[in-house]
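We did not get these values from a lab; they are worked out from the coordinates using the rules stated. Quick caveat: nothing in here was measured; it's all calculated off a predicted structure. With ideal geometry, Cβ positions are generated from the backbone for all residues, glycine too; neighbour counts draw on all protein chains shown.
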Amino acid sequence: MLMVVKRSSKTECEWMLFGGGSGLTEMRACLPEIEQLVCYGRRFIFRRGKVVCVLFEGVICGVEVEQSGEIFCMVCYEDEGEYSVKERNEGSVGKFCGGFVKKSKMLMKVVDVLYMFGKSDKENDFRPTSLMGLVIPVVRRRGANGRIPDRTLGRGASSSAAEPAGYPGGSYDTSLLVKYEHHVARYLWFGEERGPKKELKVARHGLKLTFRVPLTLPPHMESWVSRSVLSSLQRTSLNKIDTNLVSAFVERWHLEASLFHMPFGEMSITLDDVSCLLHLPIKGIFWSPQDVMEEVAVELAVDYLGVSQGKAQSNVRSCRGSYYKLEWLYDLFVQHRAASSWAYATRSYLLMLVGSTIFADKTFTLVEARYLLLFTDLDRCSGYSWGATALVTLYKYLGDASMYSCKQLGGYPTLLQCWIHEYFPTVGKRGENWKPADNCGLPRAMRWSYRQGVLKVDDLRPILDELTPADVIWRPFEDHRAWCLFDEICLYRGCLKWGDTVVPYLPDRCLRQFGYRQYVPSPPLDCMMATDIDVDWIGYHQSVIAVIHPTTLATTPSDVEDGYLEWYYCVSHPRLVSPHRDNPREVPVPVYDAGPSDPDWARVSTLIHHYLRQVNAEEEDPQFVNLFEALHISRSH
């Protein structure tokens, strides 16, 4: 039997091989150059770092090293033609997952692995004469996430002791955040950043659109663009994006339920938010196109963009796939507008517009050719649910960017940043173009303009950790209803889809954004199993009833069902910065002030808060110090 172990101290770090029999009692092998060797089937997994595993005939015999350095002993003995790996526990720490392995090929596989790295000679016989009573010392350590995961992976693998569940800081119940193992928050809890650059690279086209979108369009084009219901996208984009602010919120996004996990509960960008911020229709049909090959992309450009076969082929080939360059589409728009080819000019313009906003991807310069199919009939493209489109695309890229290995964010970042500005008035810097009372029917995103923030993403993390329900404007668009009525389809619970992307949409998990008391929600939907999404979307009334039936209207922003926060702190990781490094698992459930108990004080508090939000006041501003003090006093009564 052979076991690979890492032994380390402040002054020493070496890999050791322990075995038994002729010439293999103890063999030192320094393998600093080996980062990871992954083999499958009957071969080995060898990983340098926090987990060391050896795979014998499909059964994992692994070692995880406890930081406190407790020692395990493994007793290996021969039993009816198999090597049985048993555990002898010294102390009360954890367990070792063992199993049964065939003896015929086990040792030869060990020699093969060593031979691959030039650490042994196959001519030497490393087979032990006997494994009876062989004792192998094993050091065990938790992984980088501080968790000891279940390693019962192989044939016949078994475990006899209960392992600690969950992760430090949450989640302790892992039934909800099933992707948390790969989530950036798991690493940030232990101070591990994505890379030297802590913020994400974000797709942003706002500055280019200020030059590419004309002040006025020719009447023929204006009519088509207006009927497409996409005209609002011409003016909604921020010139620049605060990548630190956006990145700080992305780190709290979880794709399992399409929600941000804040310290006081779950929040999300809803269909109502999209409707108010962008003035895109949320009712309509979903679109399910087929992927197009490069040849089809060329044909579409010839038929609907009015270019020659040669020019279309040249553009598609330069994109190395079924894409069009956004700059190329803008050039076509200019050429066709000059030639009064209105249909070609409008399609080029609309495809460039959506490719720079709601369909922006991580190439930062391209748009998928299949989206041209949306504009083949310019009189019918208004029938799609463009609001759901923007949401599905953003949800998809938020889910990707929340993973530790991802360093870029696609989708429409203006939608995310303006959502932050509306709901979190004390977080980040922003300019305000006009007050809500002065609005004359413009999309709410146009209220905001970019201001350079001074806080980096690691500065924002503890700020977000300390937010309370009182720091949130839970219903920011009530003064916008004259131009954008609330539609109950925003309370639809189900899956949204666009093309081949399907995401969960779960308003029952962020009910306070709709003015309802938050209850403990049911488990998220499995979109992989959803088969009748279009039918569910058309018959949304049933799901709306199911969402609001168990609840009542909220009386305060922190109005939640008893036990909600306790449940939430069990299934979530509500904080990104560990408050107690000595005991990182201890994250106390907060108790929030329910607000003024006296109705008159509650009214005073609401009026002061509303005014401070209208004037975009900041607490450190001297001219508002007294008002903020009055606000705190009113909330304490």
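Rg and Dmax of the range 429-553, based on Cα coordinates, read 18.0, 48 Å. As a rough footprinting exposure proxy, the listed residues Ile545, Ile420 were ranked by other beta carbons within 10 Å of their own, and the order from fewest upward is Ile545, Ile420. Quick one: go through the range 543-559 and flag any residue whose amide nitrogen is under 14 Å from the point 7 Å out along the Cα-to-Cβ line of Ser522. Hits in the range 543-559 for Ser522 at 14 Å: 543-551.
Taking a Cβ cut-off of under 12 Å around Asn439, the surrounding Lys, Arg, Asp and Glu residues balance to a net charge of +1, with basic ones at +1 and acidic ones at -1. Restricted to Cα atoms, the range 239-385 shows a radius of gyration and a Dmax of 18.0, 57 angstrom. When you count the other C-beta atoms within 10 angstrom of each residue and take the mean per peptide, 436-448, 483-495, 382-394 line up highest first as 382-394, 483-495, 436-448. At full extension, Glu478 and Glu619 could sit 48.4 nm farther apart than now, given 0.36 nm per residue minus the alpha carbon distance. For Ile285, Ile241, Ile548, the sequence from fewest to most other C-beta atoms within 10 Å is Ile285, Ile548, Ile241.
Each part reduced to its alpha carbon centroid, the range 491-519 and the range 188-204 end up 28 Å apart. Using only the Cα atoms of the range 370-458, build the gyration tensor, take square roots of its eigenvalues as a ≥ b ≥ c, and label the shape rounded, prolate or oblate: rounded if a/c is under 1.5, else prolate if a/b is larger than b/c, else oblate. Here the range 370-458 falls in the oblate category.
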